[in-house]
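Encoded as structure tokens, the structure appears first; notes follow it.
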Amino acid sequence: MALYLLYETASGYSLFEAHGLDQIGQDTEAVRSSISDMNRFGKVVQLTAFHPFESALDALNQCNSVSEGLMTDELRNFLELNLPKVKEGKKAKFSLGVSEPKIGSHILEETKIPCQSNEFVLEILRGVRLHFDRFLKDLKPGDIEKAQLGLGHSYSRAKVKFNVNRVDNMVIQAIFLLDTLDKDINSFSMRVREWYSWHFPELVKIVNDNYLYARVVKLVEDKSKLVDDSLSALTDILGDEDKAKEVIEAGKASMGQDLSAVDLINVQMFAQRVMDLSEYRKKLYEYLVTKMNDIAPNLASLIGEVVGARLISHAGSLTNLAKCPSSTLQILGAEKALFRALKTKGNTPKYGLIFHSSFIGRASARNKGRMARYLANKCSIASRIDCFADNNTTVFGEKLREQVEERLDFYDKGVAPRKNIDVMKSAIESTQNDDMNIYEAPTEASAKKSKKKKSNGEPMAEDKPTAATNGDASEGTKSEKKKKKEKRKLDGVTKTVTNGGAEEDGTAKKKKKKKSKDEGEDLQATTTEKKKKKSRSEDEE
């Protein structure tokens with residue numbers, strides 16, 4: 001059986017035919033020994049056809065299809081033209097050796113050409129790759145390397161192509177820096193308070209905010225220089241004229257000790273550093289908000305920028321977070337407590353980083369675990385939409401947030417929330433119509449379907465609470481359902497009264513006739529029985 005070899009290069013497709021396989025005996029060791037010698041290898045393998053690519057773009061498309069295991073029309077035409085034709089109903093007297101089994105199976109399905117990919121074929125293709133420039137005589141030295149370099153760059157660029165604005169690594173670094181700055185600013189502010197309290201101890205009780213305290217220290221400098229003229233400047237900083245007057249009065253009657261000019265200069269420099277760090281922290285927070293709106297807008301609108309960024313940083317990336325199930329996302333950040341509970345056979349934690357969300361704090365103590373589970377479910381949906389969606393939109397996040405709010409009302413007041421399917425349908429409709437902030441009513445078809453579902457559904461009693469799941473909830477309130485069903489019943493009664501009055505009269509007459517007939521039959525039966533008894537008594541006598 002003849003063996004043909006398909007070799008894909010950066011410049012085009014090439015087809016080789018292997019001769020003298022009996023001499024080699026299809027031994028991989030023999031093939032390896034014959035590869036190094038071109039004179040010996042050239043007698044075994046010969047070039048039969050070569051099809052160059054038209055352009056670099058064509059080469060990239062062909063390379064992408066081959067890597068995915070797909071046969072293009074160009075490759076199919078090339079094989080059908082240069083390989084022997086196979087008659088219908090007969091086996092082929094040749095086989096095609098390919099490097100990838102996937103493309104071999106696709107060629108077999110499409111063209112019925114038998115393909116094989118084993119160690120023997122791979123060793124021969126390795127020799128073809130080694131001596132390929134000698135098979136094509138028209139090639140100049142360096143042409144193959146240039147084609148391979150250009151195709152490699154374009155292929156890798158197409159595979160690694162991503163949106164620069166959606167790099168989640170920036171969010172991870174920003175949230176780490178934000179947490180570090182919070183700790184540093186807090187510790188530095190406490191140091192400023194302790195340092196300046198030797199000079200002006202009463203200021204600590206008047207000004208509680210760290211940033212405002214540093215600004216006041218920078219303005220006041222020496223407490224003995226506090227006069228009524230500095231009231232306007234203090235009012236601008238504190239935002240309250242009464243507090244500014246209180247600071248001036250406390251400075252006049254302060255019990256603190258005096259500091260030298262050098263000490264005051266150092267305190268002021270340190271206070272300026274704290275102010276600079278606080279201002280940079282504000283800018284960093286704004287940067288984090290903008291990046292989260294670019295990378296994960298739905299997650300940010302659902303749970304907040306800071307908590308969403310912490311979830312992404314703890315998972316490692318937005319893709320890893322999207323891969324996590326909701327149960328993992330719920331306890332993300334509480335791994336130590338989880339393994340401790342598993343080791344001691346205690347209660348597992350109900351929430352991790354998700355606890356910092358405002359929804360968990362608003363829920364009652366007995367509903368915190370339920371709320372955490374429901375919120376983790378919605379966060380996993382939002383992260384997957386952000387990771388795999390092509391367009392950035394906050395519609396899904398806003399709708400999911402509305403669902404969480406409705407679930408809070410359900411736990412507190414018993415108001416049944418909407419179904420998840422209806423909410424997602426409305427979100428999809430709003431994205432399609434580019435109305436991000438306006439809720440559009442569902443179409444008439446969906447309304448009819450919902451009416452049918454409601455009519456076929458069982459009535460809900462007021463005493464029985466609705467069963468709440470993570471994704472879906474009972475549709476509509478109980479009172480609305482009861483009102484609608486009562487209206488339907490009234491409509492049905494009126495229709496039957498108006499349209500079926502005559503029919504009811506007819507049925508009543510028929511019933512009377514049937515009753516009379518039945519009574520007549522009973523009388524006949526009793527008379528016949530009496531006659532039979534009389535005849536029997538006469539015969540006996």
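The values are calculated or read from the model by the stated rules, or taken from the named source; none is laboratory data. Please read all numbers here as calculations on a predicted model, not as lab measurements. No Cβ is skipped: glycine too gets one built from the backbone with ideal geometry, and neighbour counts run over all protein chains shown. Quick note on the areas: whole protein, heavy atoms, side chains included, nothing else; ligands and nucleic acids left out. Shrake-Rupley method; radii C 1.70, N 1.55, O 1.52, S 1.80 Å.
Order 70, 277, 311, most accessible first, counting only protein heavy atoms with a 1.4 angstrom probe.
Values: 70 80, 277 45, 311 0 Å².
Correct descending sequence by accessible area is 70, 277, 311.
Using only alpha-carbon positions, what ratio does the radius of gyration of region 280-420 give when scaled by 2.2 N^0.38 Å? Numbers along the way, then the final one.
On the way: Rg = 15.4 Å, N = 141, 2.2 N^0.38 = 14.4 Å.
Rounded to two decimals, the normalised Rg is 1.07.
Calculate, for region 91-227, the solvent-accessible area per residue in square angstrom, rolling a 1.4 angstrom probe over the heavy atoms of the protein chains.
61 Å²
What ranking of 269, 170, 371, 1 comes out by heavy-atom accessible area, probe 1.4 Å, highest first?
Correct descending sequence by accessible area is 1, 269, 170, 371.
Round to the nearest 0.05 the FRET efficiency obtained for residue 412 and residue 149 when R0 = 56 Å and r is the Cβ-Cβ distance.
Using R0 = 56 Å, I get an efficiency of 0.30.
Dipole of region 320-435, Cα-centred, from +1 at each Lys and Arg C-beta and -1 at each Asp and Glu C-beta, to the nearest 20 debye?
1040 debye
Please state the relative contact order of region 137-265 as a whole percent: Cα pairs under 8 Å, 6+ residues apart?
It rounds to 24 percent for region 137-265.
What does the accessible area of residue 179 come to, in Å² to the nearest 10, when a probe of 1.4 Å is used?
40 Å²
What is the gain in length, in nm to one decimal, between residue 219 and residue 58 on full extension, counting 0.36 nm per residue of separation less the C-alpha to C-alpha distance?
Additional length available on full extension: 51.0 nm.
How large is ³J(HN,Hα), in whole Hz, for each residue of region 122-133 in order, when computed from phi with the Karplus curve 6.51 cos²θ - 1.76 cosθ + 1.60 and θ = phi - 60°, using x for Gly and Pro?
5, 5, 5, 5, 5, x, 4, 5, 6, 10, 5, 5
With θ taken as phi - 60° and the coefficients 6.51, -1.76 and 1.60, list the Karplus ³J(HN,Hα) couplings across region 235-242 in order, rounded to whole Hz; mark glycine and proline as x.
Values per residue, Gly and Pro as x: 5, 5, 6, 7, x, 9, 6, 5 Hz.
On alpha-carbon atoms, Rg over Rh for region 164-234 using Kirkwood Rh? Kindly include the intermediate steps, with their values, before the conclusion.
Working: Rg = 17.6 Å, Rh = 14.5 Å.
Looking at region 164-234, the ratio lands at 1.21.
Work out how much length residue 282 to residue 232 would gain on full extension: take 0.36 nm times their residue separation and subtract the Cα-Cα distance, in nm to one decimal.
15.4 nm
Can you send over the solvent-accessible area of residue 270, 1.4 Å probe, protein chains only, in Å² to the nearest 10?
Counting only protein heavy atoms, residue 270 exposes about 50 Å² to solvent.
Dipole of region 260-325, Cα-centred, from +1 at each Lys and Arg C-beta and -1 at each Asp and Glu C-beta, to the nearest 20 debye?
Magnitude of the dipole: close to 220 debye.
Leaving ligands and nucleic acids out of the surface, order 294, 242 by accessible area at 1.4 Å, largest first.
From most exposed to least exposed: 242, 294.
Under the Karplus relation 6.51 cos²θ - 1.76 cosθ + 1.60, θ = phi - 60°, what is the ordered set of whole-Hz ³J(HN,Hα) values for region 32-46, x standing for Gly and Pro?
Running phi through 6.51 cos²θ - 1.76 cosθ + 1.60 with θ = phi - 60° gives 4, 6, 7, 5, 5, 9, 5, 5, 6, 6, x, 6, 7, 10, 10 Hz.
About the Cα centre of region 107-240, how large is the charge dipole given +1 on each Lys and Arg Cβ and -1 on each Asp and Glu Cβ? Please answer in debye to the nearest 20.
With Lys and Arg at +1 and Asp and Glu at -1, about 800 debye.
Accessible surface of residue 58 in the full protein assembly, 1.4 angstrom probe, to the nearest 10 Å²?
20 Å²
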